[in-house]
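A.B. asks: A single structure is presented below for examination.
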Amino acid sequence: MWRLRGKLAVLAALLLPIGLAGPAQAVTGASAAAPPAPAPVHTRIDTDDPVLFITIDDGWDTESAAGAQKLLIDRQVPASLFLLPGAYQRDKDYFRTLLAHSPARVENHTVTHRDMTTLSAAEQRAEICGARDQQLAAFGDSPQLFRPAGGQDHNWPYYNDDTRTAATACGAKAVVTWTHDLTTWGPWTPPMPELRRGDVVLLHMGAQLEGDLRRVLAAADAAGLKPAKLREYVPGSS
Ligand SMILES: [Zn+2]
């Protein structure tokens with residue numbers, strides 16, 4: 001018995017380097033069935049480059065955002081667009097034009113904008129993987145980043161550990177929230193903070209977007225920061 005075990009151990013040691021040993025295969029099989037690693041969460045990007053990141057959420061009200069589309073194209077802003085399928089289905093051409101003529105990219109913002117923390121792990125996965133599949137079909141590009149929605153009441157925190165695991169399972173390399181929400185909401189324009197390298201700025205589609213973009217681009221310019229592609233600064237995305 002012991003002698004047999006000894007022989008098996010020697011055999012395993014010989015086979016391990018070429019990956020044929022039984023015990024090693026058993027371990028590999030177990031880890032393949034394990035849940036995926038939770039995606040990292042970024043509220044800003046740690047970088048020494050003089051850059052910041054412009055993100056635009058949701059995608060409603062494109063009718064009044066023609067000026068913003070022109071500005072994004074004219075200035076070649078590498079914006080990350082966290083869009084909802086229900087929004088871009090209404091005006092796919094707006095976003096297709098933007099993707100074709102600027103470095104903007106579409107990212108994942110769930111299917112229905114529900115608060116992730118109210119959903120089961122399976123429901124969260126359906127929201128994130130469903131949005132990915134619809135984006136791939138609509139734009140031919142799979143999202144690499146995930147931004148959880150604020151829910152109806154902007155409950156906090158609007159993600160949990162299941163969200164991070166579901167994000168990885170659905171192909172996202174990171175969960176990206178934001179450093180500053182600089183959206184003009186109604187008559188209220190938020191004060192401009194001191195922008196720093198690595199900041200993630202949140203804006204929203206709509207009539208106010210062109211003005212918000214001009215304000216952020218001018219403040220970035222004054223701070224010596226250039227908008228950069230978020231995907232290029234998140235490890236593992238491309
Ligand atoms: Zn949103």
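A.B. asks: Between residue 160 and residue 100, what is 0.36 nm times their sequence separation minus the Cα-Cα distance? Round to one decimal in nm. Working shown, then result.
C.D. replies: Values: separation 60, 0.36 × 60 = 21.60 nm, distance 3.47 nm.
The residue 160-residue 100 span can extend by a further 18.1 nm.
A.B. asks: At a 1.4 Å probe, what is the % contribution of carbon and sulfur to the accessible area of region 41-233?
C.D. replies: C and S fraction of accessible area: 49 percent.
A.B. asks: Then there's this: How much accessible surface does residue 64 have with a 1.4 Å probe, in Å² rounded to 10?
C.D. replies: Number for this one is 50 Å².
A.B. asks: Give me P(r) over region 41-233, computed from all C-alpha to C-alpha distances, binned every 10 Å, as integer percentages.
C.D. replies: Histogram of Cα-Cα distances, whole percents per bin: 9, 39, 38, 14, 0.
A.B. asks: Extension gain residue 222-residue 89, at 0.36 nm per residue separation less the Cα-Cα distance, in nm? Display every interim value, and only then the final one.
C.D. replies: Numbers: separation 133, 0.36 × 133 = 47.88 nm, distance 3.68 nm.
My answer for the length gained is 44.2 nm.
A.B. asks: Under a crude label model (7 Å from the Cα following the beta-carbon direction), how far is residue 133 from residue 232 in nanometres?
C.D. replies: 3.4
The values are calculated or read from the model by the stated rules, or taken from the named source; none is laboratory data. Because the structure is a prediction, the values reported are computed rather than measured. Here Cβ is always computed from backbone atoms with ideal geometry, including for glycine, and neighbour counts include all displayed protein chains. Each accessible area value is taken on the protein alone, full model and side chains, heavy atoms only, with ligands, DNA and RNA left out. Shrake-Rupley method; radii C 1.70, N 1.55, O 1.52, S 1.80 Å.
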